[in-house]
Every structure is written in C-alpha cells, then in structure tokens.
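To start, the structure itself, in structure tokens.
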C-alpha cells in the first residue's frame, strides 16, 4: 500500500471550525461495507439503527487542558503540550522552543507553573511539575484545551464543554474521542430505556493521533503508543451480546483500537495495557461489527483504519460522496456509521 492510496481532495471550507448548535444535530452517512451502499441520514436516526441485541461501547477518556505557554528560565519562549501524566508531579510532554531545553532547565509556564526538565524520552520531554498541587490540578487551573491543528481559532469557553463527551470521566486524553461528541444525554437515555447495554473502555488519546505518515510505503510507519483499559464488565457484556446474535458497535476509532488490540493477543479479556496497533486493509477484525466515527484527514492512519473496516474502494466512494454533499469534516464535523465489510 502506498500513501497516495489514502489521499482525497477536501475543500478547506468543509473543515468544521465549530461544533453544531446541538450535539446530536449533525448529519450521519451510513456505509454498508458489504455492499458499498450509502444512505444520507441525520444523527437522530442513529438510535433506530441499533438493534435490541446490540451493544454500544464508548471511550470514557476525558480531555485535559494539556497546553501551556511560557518561557525557559533563560528567557526563550516555550509551548508545552502534555502527552501523558506519569504520576502526581511528572508528565511526558511535547516542548516547542527555539533551542532544545536541556535537563535541569526550568520552565515558567501559564499561571506561574514551574516545571523542571528531567530529560528526554524519544520525541517527548519528562517534566517535573513543582508546587503542592498535582499535574492534573495545575493543568485544570491554568491549561488550555488542546484543539486539533486544523481548528484555527483559539479555544474558548464553548470548546471547554463541547470538545468533551458528556460521559467523559477518566482524565488523560489530549484529543477528544470525537465520535462520542454527537451524543447528548437524551440520546443516551433513549438507548438505555430500550435496554441496550452502554459499556465503556478507556483509551487516553495522544497527540500522536495527528502525526502524519511520512513515508510513501505505509508499512514502514510506526504508530505512537497509547494506554488503554477494558473493564471486565465490558468483556462480559460483549460475550452476552455475541451469544444473542447482537452486534458490537464501537463508538469511535479509539474504542475499536482498544478492543481489537486486546483481542489480537488472544481471547478478549479485561485489564490495561499499551498499544501501538496499526490497522490497515487486510487486518482481521475479531470484536467490532459496526463503527461510528467522524470523517478523517487525508493520508491519516485513521483513514487507513476505516478503509480496513469497510473496504478501501467503499470508503473512497463514501468520502467523495460526502464532499459532494457538503458534509462537515473532522473533529467538530458530521458522523459516519460503518458496517464491517
């Protein structure tokens, strides 16, 4: 596979810069990966497409205010994007500066936060946040919502609530699991009232989700590592749905990555781990039958994932259709429901 196989033309005005007025007011493109059939729907139609024996699995990660700005103790400006919180006072972070900060240097950041550079781990810096408050508390008080690079406005109060799912509860992500942004409380309650199990996994989405594939040969790309956890209750609910001929619906590519990463090691089981799983056409899916997702960037690993799930030709046709029909793309955009090919 070549990188060009996953390219498409997208007019810039179709990149959604702000969310829809209401969470569930987006459009929904339904793609049957078995036949290639496309259906233009509204997200309000999603619930009726969920069968009584199906199960929905959500990623309950919570986006943290991971971006901080400031300067080095030597005076140069820096921008810090926390990638992963290691413990109460240490974190791994991307640090942008005119000159690489060395171990022992101090960073003075938004709100008077002081952090010491402990060293480097590959592309990331290990930082120790000083003071009595934890890293998460300091970020919550002084950090900035880490909007994706294709959203051009500075984060505001609306982004603090809307770049977060209504069911988020486990802090640690630096990017939202965006398929879940379409669900409001009423939609979730409606699904519950029908007896449809709503389960969860946790996968803390890293900034690497926006990392471009640089080589023309897709097989040479190395995925970033992300931490995930699957509760035993979710494993049990999936087994029950399977026994009743129900379908497993993953809400978002991050949910799918967690489930398929675990299943690639053997029978699905609970627990936490790290994954660098890279899903491309030819991948054998073991858990997920249907995938709810947003539209993804050209040449991205997530576009490769959905192409593996529903078929490359089908996805190409669906994206061409979405561009013609003026769907809204990326994090704040419209949704797709994919039936596995």
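The values are calculated or read from the model by the stated rules, or taken from the named source; none is laboratory data. Just so you know, these numbers come straight off a predicted model, no measurement behind them. For neighbour counting, all protein chains shown are included, and Cβ atoms are generated from backbone atoms with ideal geometry for every residue, glycine included.
Structural remarks
Residues checked against (1) at pLDDT 95 or above; (2) surrounded by 13 or more Cβ atoms within 10 Å (Cβ to Cβ); (3) within 21 Å of residue 96 (Cα to Cα):
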{"position": "121", "(1), (2), (3)": "no, no, yes"}
{"position": "138", "(1), (2), (3)": "yes, yes, yes"}
{"position": "150", "(1), (2), (3)": "yes, yes, yes"}
{"position": "153", "(1), (2), (3)": "yes, no, yes"}
{"position": "167", "(1), (2), (3)": "yes, yes, no"}
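- Qualifying residue in region 8-20 (condition: touching a helix residue (DSSP H, G or I) at 6+ places or on another chain (Cβ under 6 Å), surrounded by fewer than 19 Cβ atoms within 10 Å (Cβ to Cβ), under 23 Å from residue 301 (Cβ atoms) and at pLDDT 95 or above): yes
- Against the conditions (1) surrounded by 14 or more Cβ atoms within 10 Å (Cβ to Cβ); (2) on the phi < 0 side of the Ramachandran plot; (3) in contact with a helix residue (DSSP H, G or I) (Cβ under 7 Å, 6 or more places away or on another chain), residue 88 satisfies every one except (1).
Table: residues versus (1) in a loop (DSSP other than H, G, I, E, B); (2) at pLDDT 95 or above; (3) under 19 Å from residue 11 (Cα atoms); (4) outside the structural domain of residue 10 (by TED's automatic domain parsing).
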site: 288; (1), (2), (3), (4): yes, yes, no, no
site: 296; (1), (2), (3), (4): yes, yes, yes, no
site: 299; (1), (2), (3), (4): yes, yes, yes, no
site: 304; (1), (2), (3), (4): no, yes, no, no
site: 316; (1), (2), (3), (4): no, yes, yes, no
site: 320; (1), (2), (3), (4): no, yes, yes, no
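- Members of region 119-146 found to be without any contact (Cβ under 8 Å) to a residue 24 or more places away in the chain and out of contact with any strand residue (DSSP E or B) (no Cβ under 6 Å at 6 or more places or on another chain), listed by number: 120, 122, 131, 132, 133, 137
- Which listed residue, of 151, 113, is in contact (Cβ under 8 Å) with a residue 12 or more places away in the chain and not assigned by TED's automatic domain parsing to the domain that holds residue 77: 151
- Exactly one residue among 78, 57, 82 is part of a strand (DSSP E or B), modelled with pLDDT of 95 or more and more than 23 Å from the chain's Cα centre (by Cα), and that residue is 78.
- Qualifying positions in region 33-57 - touching a residue at least 40 places away in the same chain (Cβ under 8 Å), surrounded by fewer than 19 Cβ atoms within 10 Å (Cβ to Cβ) and closer than 16 Å to residue 313 by Cβ: 34, 36, 38
- Residue check for residue 196: touching a residue at least 24 places away in the same chain (Cβ under 8 Å) and closer than 20 Å to residue 23 by Cα: no
- The set of residues from region 252-273 being within 19 Å of residue 341 (Cβ to Cβ) and not in a loop (DSSP other than H, G, I, E, B) comprises 253, 255, 256, 257, 259, 260, 263.
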